[in-house]
Amino acid sequence: MLNQELLTLLKSGKNLLAFSAGVDSSALFFMLLENGIEFDIAIVNYGLREQAKQEIAYAKELAAHYNKKIFTADAPKFVSNFEANAREFRYRFFDEIIKKHSYENLLTAHQLNDKLEWLLMRLNSGAGVAELSSMETVSQREGYKIVRPLLECTKDELINYLEKKGHRYFIDSSNSDKKYLRNRFRPIANELLQFGKDGFVRSFKNLSYEAEFIKSGYKTVFSQKELRVLRLKDRFFAPYAASYTLKELGCLLSGKEREALKSQNSLVAGRKWAIELQDNLLYIAPYVKATMDKKSKEVYRLAKIPPKIRGYCFIKKIKFSQ
């Protein structure tokens, strides 16, 4: 099920698998073994289910049996916005491991059902091409690549693979809990894929081609910490450049925010991210209010740094030449 191009990429790099002991990551674990790919695993315990202890134990058992390094983390109790907070915690955990141990690729087990669920959710929120074409097979995160080898496989295909091979896996009961928005779209995606997957695979490829055209309309010219400065070919590309860049930084623009960027030059997205357009340069950074000394103000003024971006530059001591 893994294509040759991906196998070549994975064989030439140091890989970390985001593991959960569920259907998807268990299938990917054994497919990697079958194809001679070297990798280690990382797993997060969110403490929501008693079964999580068994999943961690199974992960440790696999790691010991197949001589893999294993990294584990216990997430704190999130009182609200569980999915967003869990994702932030998970990627912070992965980032730390990857930086410390020099991994080049983070492997995630997202599959076609996941991709279709995501598309339905984003359509429901008024998304554009930037959001609809997300979950690329290979995407760049700061310092490493995220590789999703299973995006053309359905959940049923992965279950059949595990059953045929006799490999153990767990079913996460929270995947049917309707309090999570994604789970409300899951049965719809599953039903649609019963009509066949080929058309959906082709449509996602077409979205990716169109996304590449949009990405050709801007270029990152400065990147430090969470500050990004992009040069646009035309103002038309501003909302798309902001959407893609913020997605890489872990934030999704709302439909209203993206629409606002078609006419506004200054915006704070999600009460967290400052987006400023100045001439043909688009600045993106966490929105921070900071009391600055006179000298710093003058440095940022001479460097033509937009006002909403200056606070972050100041607290992070980002230097600009005068």
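The values are calculated or read from the model by the stated rules, or taken from the named source; none is laboratory data. Computed from a prediction, not measured in an experiment: that's the story for all the values here. Positions of Cβ are backbone-derived with ideal geometry, glycine not excepted, and every protein chain shown enters the neighbour counts.
All conditions in (1) of a type in the set (Lys, Arg); (2) surrounded by 12 or more Cβ atoms within 10 Å (Cβ to Cβ); (3) modelled with pLDDT of 90 or more hold for Lys164, with the sole exception of (2). Checked against (1) buried (at least 16 other Cβ atoms within 10 Å of the Cβ); (2) at pLDDT below 95; (3) among the acidic types (Asp, Glu), Asp40 passes all but a single condition, namely (2).
Rundown of residues vs (1) modelled with pLDDT of 95 or more; (2) among the charged types (D, E, K, R); (3) under 20 Å from the mean Cα position of the chain (by Cα), yes/no style:
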| site | (1), (2), (3) |
| --- | --- |
| Gln140 | no, no, yes |
| Arg168 | yes, yes, no |
| Arg186 | no, yes, yes |
| Phe195 | no, no, no |
| Leu207 | no, no, yes |
| Lys233 | yes, yes, no |
| Leu252 | no, no, yes |
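Could you say whether any residue in region 92-110 is under 25 Å from Leu32 (Cα atoms), assigned by TED's automatic domain parsing to the domain that holds Leu32, surrounded by 15 or more Cβ atoms within 10 Å (Cβ to Cβ) and at pLDDT below 95? For region 92-110, residues under 25 Å from Leu32 (Cα atoms), assigned by TED's automatic domain parsing to the domain that holds Leu32, surrounded by 15 or more Cβ atoms within 10 Å (Cβ to Cβ) and at pLDDT below 95: absent.
When region 111-127 is examined, which residues are found to be assigned to a loop (DSSP other than H, G, I, E, B) and crowded, with 22+ Cβ neighbours inside 10 Å? Gln111 - this is the single residue of region 111-127 that is assigned to a loop (DSSP other than H, G, I, E, B) and crowded, with 22+ Cβ neighbours inside 10 Å. Exactly one residue among Lys60, Lys68 is farther than 19 Å from Lys179 by Cβ, of a type outside the set (Ser, Thr, Tyr) and part of a helix (DSSP H, G or I), and that residue is Lys60. Just the residues that are among the aromatic types (Phe, Trp, Tyr) and closer than 17 Å to Phe237 by Cβ, please, taken from region 262-278. Within region 262-278, no residue meets the criteria. Annotation: Phe237 fulfils all but one of (1) without any contact (Cβ under 8 Å) to a residue 40 or more places away in the chain; (2) in the same structural domain as Tyr287 (by TED's automatic domain parsing); (3) out of contact with any Phe, Trp or Tyr (no Cβ under 6 Å at 6 or more places or on another chain); (4) not basic (Lys, Arg); the unmet one is (3). Total residues in region 128-138 satisfying the condition of being among the polar types (S, T, N, Q) and either at pLDDT below 85 or assigned to a helix (DSSP H, G or I) (or both): the figure is 2.
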